[in-house]
Amino acid sequence: MFPLPRILFAMARDGLLFKFLSKVSKRQTPVAATMAAGVTAAIMAFLFDLKALVDMMSIGTLLAYSLVAACVLILRYQPHAAYERPKFNIEKEKLTAEEGESEMTESESQLNMLKDGGLTLQTVLSPSMLPTKQSSTVVNIAVSTIAVVVCIISALTTYKVHAILAMESWILGVLAVCLMIFIVCVLIVLRQPQTRKKVAFMVPLLPFLPILSIFVNVYLMVQLSGDTWIRFSIWMAVGFVIYFGYGIRHSVESKRHEDDEDSVESEALNKKRPNRDEDVDLDDENDQFIIQEKTSEC
């Protein structure tokens with residue numbers, strides 16, 4: 001509850017929430033966000049008992065940790081162009097297209113070939129040394145499959161304990177299939193190349209530590225009661241309505257990303273225009289020279 005006003009203030013300042021929540025006082029305190037968080041907490045404390053509030057807080061925290069673990073997996077296997085802004089060098093901009101193509105290394109051409117190709121068993125099991133769009137797509141699919149399999153295993157081990165203790169064949173077969181899919185997905189993720197970009201802190205023991213975190217968090221979420229899941233689903237539905245109805249269209253970060261892409265495209269077009277203008281000037285000079293030759297012959 002203590003960081004909630006600051007979270008609301010940061011989201012409102014970006015545009016994901018309503019702008020009035022980003023208003024601050026003379027002492028730079030988010031008054032509107034603090035009042036909104038306090039009123040909401042007071043209403044929920046009045047309507048629900050303590051156990052329901054604790055369960056709601058637990059399921060929200062566990063879901064947030066699961067999403068963070070999944071994002072760590074996805075971002076670590078993303079190609080550099082996915083999260084880095086394209087950088088332009090002045091010296092490279094002066095090169096012509098033919099000189100730029102002649103200086104392309106074998107590794108870059110190999111990456112381009114891999115990006116153009118489709119997903120095959122060979123590219124999944126024997127990927128390139130650097131992360132590409134193909135390898136990131138493989139990781140995304142594998143992480144999604146792992147999340148689904150973890151949910152199935154957690155639900156079966158929680159609600160079908162008697163069938164497991166009785167060694168019923170159907171549940172043993174389902175668990176065996178789920179475990180096999182889980183192991184295959186983990187091995188596939190392990191085979192994919194990680195990004196070589198170094199940051200201040202990087203999660204160790206990838207992909208095992210984030211996958212273990214997802215498994216533990218999802219298992220603890222499944223242990224919660226059905227009423228908690230119903231309240232959580234209603235709360236999530238309200239959040240999705242606010243996000244898709246207001247936040248996604250007013251986000252400052254999203255607009256900034258779109259402006260960056262537009263600026264990159266405009267710079268690329270501006271690079272091509274001078275060459276076209278020079279070609280037009282050369283054509284005009286050639287036409288004038290031909291006309292002068294014809295007049296001199298006459």
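The values are calculated or read from the model by the stated rules, or taken from the named source; none is laboratory data. Please read these numbers as outputs of a predicted model, since none were measured by experiment. In this analysis, Cβ positions are derived from the backbone assuming ideal geometry, glycine residues included, and neighbour counts consider all displayed protein chains. Just so you know, the surface numbers come from the protein's heavy atoms only, side chains and all, with ligands and any DNA or RNA stripped out. Shrake-Rupley method; radii C 1.70, N 1.55, O 1.52, S 1.80 Å.
Assorted remarks:
- Which listed residue, of Phe215, Phe289, is among the aromatic types (Phe, Trp, Tyr), in a helix (DSSP H, G or I), at pLDDT below 70 and farther than 29 Å from Ala41 by Cβ: Phe289
- Among residues of the range 130-153 that are modelled with pLDDT under 90 and part of a loop (DSSP other than H, G, I, E, B), those with a beta-carbon under 8 Å from a residue that is open to solvent by 10 Å² or more (accessible area, probe 1.4 Å) and of a type in the set (D, E, K, R) at least six positions away or on a different chain give the pairs Leu130/Arg196; Thr132/Lys115.
- Positions within the range 163-192 being crowded, with 16+ Cβ neighbours inside 10 Å and not aliphatic (A, V, I, L, M), in sequence order: Cys178, Phe182, Cys185, Gln192
- Selection count, the range 14-26, where residues are aromatic (Phe, Trp, Tyr) and surrounded by 13 or more Cβ atoms within 10 Å (Cβ to Cβ): 1
- When the range 39-55 is filtered for residues that are in a helix (DSSP H, G or I) and either open to solvent by less than 100 Å² (accessible area, probe 1.4 Å) or among the small types (Gly, Ala, Ser) (or both), the ones remaining, listed by number, are Val39, Thr40, Ala41, Ala42, Ile43, Met44, Ala45, Ala52, Leu53, Val54, Asp55.
- Test: Thr29 is open to solvent by less than 100 Å² (accessible area, probe 1.4 Å), at pLDDT below 90 and of a type in the set (Val, Ile, Thr): yes
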